[in-house]
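Since the structure comes first, as structure tokens, the remarks are kept for the end.
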Amino acid sequence: MSSTSERRAIRHLRVVEWWSGVWRWVLMAFGAVAVIYLLLDRGASGGAVMAVVLAAFIVAASLTGSKPLAIALFAVPGLLIPQRIGIGGGDLSVSDAALAAAFGTALLLGQRPYSTPLRRLLMLNLLYQFATLFTVLVNPYLANTFEWFHAWLLVSGALIVGWALGAAGYGRLALSMIVFTACVLAFITLVQAASQYTVGNFGPAAPSWPISMHKNFVGTVFAFAAVIAYLNPDWVGWTKGWSRLAFWMLVAGTVASQSRQALIGLMAAVMVAVIRRSTSRRSRILILLLLIPAAWLIVSMVVEQVQSQNQHNSVFQRLDWFREVYHFWRESPIFGHGLRYWYQPGNLPYQPPQGELEVLASAGLVGLAAFAVMWVGILLVLWHIDPRFGTLAVAVVFSRLVQAQFDLFWVAAQVSIPFVIAGVCLGAMAREERRADVEALAPPGRALAGPASRGVR
């Protein structure tokens, strides 16, 4: 047999082996979905979604022996799914379930020790948690205690998940999964918008299939993913064509959603990126000019609502809510009324639509002071790390803070996604620093390939 024929035969055997392996996992996943759905659909809310989530968890768990962080990787797309699932009295979102599963894996199987910037971020969040512990003690009810742990998971848990993926070398894959999932949702949103426009409905668009989502949720998710695609860090290594296509598709999805806070957050992130990146003056001017249409759209929507004098539109409704929350806070100004107080009978029955106002009413002046220290500290830590990694981290986190000035803050995916991205950046930076250390100790001629990071300033 000739060498060419041998290579063809070997290639054919490898393809057959790979294909059989793929089908084996597909069949396992299909079987798991079918069985779990039949078992849970009668007693669970969101039975079909829960079946898919558990099936993915089972497949990922079976891969953990060879890929320790398989569960964390499988959980990344789930972070973008707000659909609620539950059995009996329990109720949580797919995003929360995915984050919890990923956190457990990252905590047990992630690399140690944590880098100095990550430890600083965890300590800043711990300071906030300590401050809000007072409102948990002063307002003893179950939702208060549960939300205290939940808030910690959304920040510190998300940072640890991102760190584990970045430090293990999965940074590019994790960010690609976030952007790809967001692009799929953006495509569905654009199709939904086109169908609305054909019948004269020019209102906000958001996916209604396969899962119904709110415009503000998808808008903020698109904004986070658009920042990743726009920056396209060199350690991620996407082609310019792909990153530009993804960026403009996500921007179009954000515009179609008509989520004002998402557009403002995206503008803020782009301005941070323009300031920190070493681009030409011409490029900076061009990018800033592109922000003008977005700003015009936001202003025109607000002016239209004000001129309508409709007391039930979002502008006037928010003003009424601000006044009500302020008077409600004055009843317990120091420690607040408790986290998730709006679920308790006799309290205001809605979550305040502004970040600092929500913390003030929930945790009082003590919680608000710690909240401010936490956010200022987080932004300063991320600002002072290597711009190759820190620019993306500070841009998405700052984008979330800006968004929270115009809408709800403590919402599962909208908090966890930017901190997962920041954690990925910190983990990838630490991985490159370790590689640089190994290169420095390796004998001449045997150094590992790859650029060395400049580390923390």
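The values are calculated or read from the model by the stated rules, or taken from the named source; none is laboratory data. None of these values were measured; they are calculated from a predicted model. FYI the Cβ positions are ideal-geometry reconstructions off the backbone, even for glycines, and counts take in every protein chain you see. Accessible surface is based on the protein model in full, side chains and every heavy atom, while ligands, DNA and RNA are left aside. Shrake-Rupley method; radii C 1.70, N 1.55, O 1.52, S 1.80 Å.
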I need a count of the residues in region 388-426 that are within 12 Å of the chain's Cα centre (by Cα) and either farther than 20 Å from LEU73 by Cβ or open to solvent by less than 10 Å² (accessible area, probe 1.4 Å) (or both).
18
Only one of THR181, THR189, THR239 is in contact with a Leu (Cβ under 7 Å, 6 or more places away or on another chain), in the same structural domain as LEU165 (by the TED database) and of a type in the set (Ser, Thr, Tyr). Can you tell me which?
THR181
Restricting to region 370-383, name every residue that is under 20 Å from TRP148 (Cβ atoms), touching a residue at least 60 places away in the same chain (Cβ under 8 Å) and open to solvent by 20 Å² or more (accessible area, probe 1.4 Å).
VAL373
When region 371-393 is checked residue by residue, the ones that are in contact with a Pro (Cβ under 9 Å, 6 or more places away or on another chain) and assigned to a helix (DSSP H, G or I) are VAL381, LEU382, ARG388, PHE389, GLY390, THR391, LEU392, ALA393
On the basis of being at pLDDT below 90, over 17 Å from TRP148 (Cβ atoms) and surrounded by fewer than 19 Cβ atoms within 10 Å (Cβ to Cβ), does PHE328 make the cut?
no
Exactly one of ASN144, ASN232 is at positive phi and of a type outside the set (Gly, Ala, Ser), and that one is ASN232
For residues in region 244-278 being among the β-branched types (Val, Ile, Thr) and within 29 Å of ASN201 (Cβ to Cβ), which is most open to solvent (accessible area, probe 1.4 Å)?
VAL255
Only helices (runs of 4 or more DSSP H) wholly contained in region 130-237 count here; list those with 3 or more residues that are open to solvent by 10 Å² or more (accessible area, probe 1.4 Å) and without any contact (Cβ under 8 Å) to a residue 24 or more places away in the chain.
142-152, 171-198
Can you tell me how many residues within region 216-249 are at pLDDT 90 or above and under 27 Å from LEU408 (Cβ atoms)?
18
Would you say ILE385 is over 17 Å from the mean Cα position of the chain (by Cα) and at negative phi?
yes
Anything in region 331-369 that is touching a residue at least 40 places away in the same chain (Cβ under 8 Å), among the hydrophobic types (A, V, I, L, M, F, W, C) and buried (at least 22 other Cβ atoms within 10 Å of the Cβ)? List them, or say none.
LEU339, VAL359, ALA363
